[in-house]
Amino acid sequence: MSRLPVMSNKRVLTNSSSSENIQDVGPAQKKSRKELVPVKPQAAATVIGGRRPPAAAPRPPLSFNGCKHNPLPPSGVVKPPIASTAAKGTSMKQPVATNGTKPGGSRRLPWDLKGKVSDMEDRVRNYQTRVKSVGQENEDLKSALAQNQVKVGEMEDKLNKQKIQISSYEVELRKLSGVREELDKVSSDRSFLQRELTNLESKHRVMETLRDSQETELQMLKMKLSVQESTLARLQTTLRDTEEQVRYLKVTVSEQKDELHAGEMERRRLHNSIQELKGNIRVFCRVRPLVDGGNLKHIQLPANDNKTITLAKTEESHTGKAADTHKNYNFSFDRVFSPSASQQEVFEEISLLVQSALDGYNVCCFAYGQTGSGKTYTMEGDEFDQSRGVIPRAVQQIFKASEKLGAQGWQFTFTASFVEIYNETLRDLLYTGKANKRPEHEIRKSTANEVTITNLTYKSVSNEDQVLGLIELANQNRATAQTAQNDRSSRSHSVFQLDIEGMNAGRDIKCKSTLCLVDLAGSERMVKSQSQGERFKEMTAINGSLSNLGIVIAALANKESYVPYRNSKLTYLLQGCLGGNSKTLMFVNIAPELDSFGETLNSLRFASKVRS
Ligand SMILES: Nc1ncnc2c1ncn2[C@@H]1O[C@H](COP(=O)(O)OP(=O)(O)OP(=O)(O)O)[C@@H](O)[C@H]1O
């Protein structure tokens, strides 16, 4: 089967102009043919080998050698006419031209088979020529297609390469945008650094100037140093001499300290001896000034003697027949203070005993006398500096003296307590709790003979102000009780105790003592018939405790083997401060009014008895 290219077949089918037109295909026509959609050669073969498609346009008549022929049969395949049949039939009768063509000149006569064959052969040759050219054309197209495909491949390669390049450019571009930011940052850093550099340069210039001036200064300092080095050498020599002196002085100081300590101990011993010579129990009498400032008539105080007092009384004759009797009661004490004696004068006499307390001796100081005779004034005084009493002055002296002794290696601790004894009952005057929860107190004596009170407030104190604060608190507590019971303070004893503990660690010496300052209850005797109920009980308690105090002091003075301390709360509480090496001082306060004559006489008698 012959394989014809599709393009030529198609051209046969579509071009209806003439066979010459088809044959003379020029380059321009070739170009336009290339633009045609190529048809697979197989399809063309099918058309040629198979039936002609029914939709095909009618074939135009072909011309050979300039002659026009009838169109080809619809199959497209030129079939030779059935010559045998025609020859055998009636065709022989048709007119025939001498050259064998039809009489019209365009068609062969039926019998001109040779002519027809030669036409056919011409046509075949034409076809073959055309097939050849179409085949050539097809080859050209194929090679063009191949070239184009190669080109397309190349283009695609190029395109891919360019795409790759573009994406790499894009990556680079992105990188470059980061680089740009960095560049911006670097440029801003650069400008900052430049500014810094400028600053540093100016600083450097300043530093250079400074260095120059310092170098000059250094030179000066070096000169000074050399001068000072020579001075130092001199001073070192002096220092060595001084050190030698210091060593010598240290030895001297230590020796002097020893001497001072020995002197202090000697002073204590002598002081105590003096106190003992003066008497471990001493009685001072103090006369209160008259309230209206008048003259004392019945109390005589000799101007040249400050140890005696005389009570003078003139008793008128009841009958008027006898002369008035004058009676003098003479008393002598360790010291008598007139109404004009100041608190300072009074304290000067006591201060020696206060010193004894710091030296380690128990000291007890009482104020005895009738109500209103000046006991509280003597012991406490009032808040004004000049009129401060024994307690604040004693406390001040003790703290000052303890500070001085601190230089000699002494260390002291102080504990204060303030207790009231009313109707033989103890009451804590430093109590700060609720009134309805006041505890009860008992006096206890340890095996070491130390007396303590249960549930009592013992306050550690280190300065005068703290003690003054405690006195203030005690007064408030007493005032509260006072409002509940008229004149209660006059009918109770108040006892201030300062426990002193001293230690000289360097010399391994300790001392312990108690300073006891007591404001006693009013000593006036009450007429028994007028005393009833509570007053009678109070009177009994006061009289009992005061007379027992007298008995105890007398027993101690007489060095009796038995001292009835336990007979009253007051003496039981004070037993540690009485007796032994203790120093006892009693103030007998007297009121100068004439109507107090009897009480004054009683007080002086009591005090005199104690002293004797
Ligand atoms: N030496 C004195 N100089 C000036 N005033 C004094 C002196 N002694 C006492 N007084 C005054 O006399 C008054 C009574 O004194 P004080 O209260 O001390 O007596 P008292 O014996 O303690 O009385 P009571 O037993 O009631 O406590 C007070 O106003 C006090 O200031």
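The values are calculated or read from the model by the stated rules, or taken from the named source; none is laboratory data. Nothing here was measured: the structure is a model prediction, and the numbers come from that model. Cβ: placed from backbone, ideal geometry, glycine included. Neighbour counts: every protein chain shown. For the accessible areas, the whole protein counts, side chains as well, though only heavy atoms, and no ligand, DNA or RNA atoms are used. Shrake-Rupley method; radii C 1.70, N 1.55, O 1.52, S 1.80 Å.
Taking a point 7 Å from the Cα of SER254 along the Cα-to-Cβ direction, the residues of segment 397-431 with backbone N closer than 19 Å to it are 408-410. Of the peptides 123-133, 173-183, the order by per-residue mean of other Cβ atoms within 10 Å, starting with the highest, comes out as 123-133, 173-183. Length gained on full extension, ASN304 to GLU121, computed as 0.36 nm times the residue gap minus the Cα-Cα distance: 46.0 nm.
Counting each pair of different Cα atoms once, what's the Kirkwood radius of segment 345-502 in Å, rounded to one decimal? It would help to have the intermediate numbers written out before the result.
Values: mean 1/r = 0.0595 Å⁻¹.
Final number for the Kirkwood radius of segment 345-502 is 16.8 Å.
FRET efficiency for the ASN295 to LYS609 pair, using the beta carbon distance and R₀ = 35 Å, is estimated at 0.75.
Mind ordering 197-209, 593-605, 557-569 by average Cβ neighbours within 10 Å, highest first? Walk me through the numbers before you get to the answer.
Values: 197-209: 10.6, 593-605: 17.8, 557-569: 14.7.
Per-residue Cβ counts within 10 Å, averaged per peptide and sorted highest first, yield 593-605, 557-569, 197-209.
Quick one: length gained pulling GLN466 to TYR562 fully straight, 0.36 nm per residue minus the C-alpha distance? List each step's numbers first, then the result.
Details: separation 96, 0.36 × 96 = 34.56 nm, distance 3.88 nm.
Once the chain is fully extended between GLN466 and TYR562, it gains 30.7 nm.
Sorting 426-432, 570-576 by average packing, meaning the other beta carbons within 10 Å per residue, from highest down gives 570-576, 426-432.
Calculated accessible area for segment 144-273 comes out at 90 Å² per residue, all protein chains present (probe 1.4 Å; ligands, DNA, RNA ignored).
Here, P(r) means the percent of Cα pairs in each 5 Å bin from 0 to the largest distance; for segment 219-318 it is 3, 8, 7, 8, 7, 7, 6, 6, 5, 5, 5, 5, 5, 5, 5, 5, 4, 2, 1, 1, 1, 0, 0, 0.
Tell me, what % of the accessible area of segment 279-611 is carbon and sulfur with a 1.4 angstrom probe? Working shown, then result.
Details: 7590 of 15990 Å².
C and S fraction of accessible area: 47 percent.
If you take the square roots of the eigenvalues of the alpha-carbon gyration tensor of segment 370-458 and sort them as a ≥ b ≥ c, do you get rounded (a/c under 1.5), prolate (a/b over b/c) or oblate?
Details: a/c = 2.11, a/b = 1.20, b/c = 1.77.
Cα axes put segment 370-458 in the oblate bin.
Would you mind checking LYS404/LYS510; LYS437/LYS459; LYS257/LYS459; LYS583/LYS609 for any pair whose Cα atoms are more than 22 angstrom apart? LYS257/LYS459, as the Cα separations exceed 22 Å there. A 1.4 Å probe run over the protein chains yields, for segment 279-611, 48 Å² of accessible area per residue, whole-number rounding.
For THR371 and THR415, what does the FRET efficiency come to when R0 = 30 Å and r is the distance between their Cβ atoms, rounded to the nearest 0.05? Don't jump to the answer; show the numbers that get you there.
Working: r = 31 Å, r/R0 = 1.04.
For R0 = 30 Å, the calculated efficiency reads 0.45.
Distance between the modelled labels on LYS459 and VAL179, one decimal in nanometres: 9.0 nm (7 Å Cα→Cβ projection).
Using r as the Cβ-Cβ distance of LEU145 and GLU170, and R0 as 41 Å, what FRET efficiency do you calculate, to the nearest 0.05?
The calculated FRET efficiency here is 0.70.
Taking every alpha-carbon pair in segment 279-611 and binning the separations at 20 Å intervals from zero gives 30, 58, 11, 1, 0 percent.
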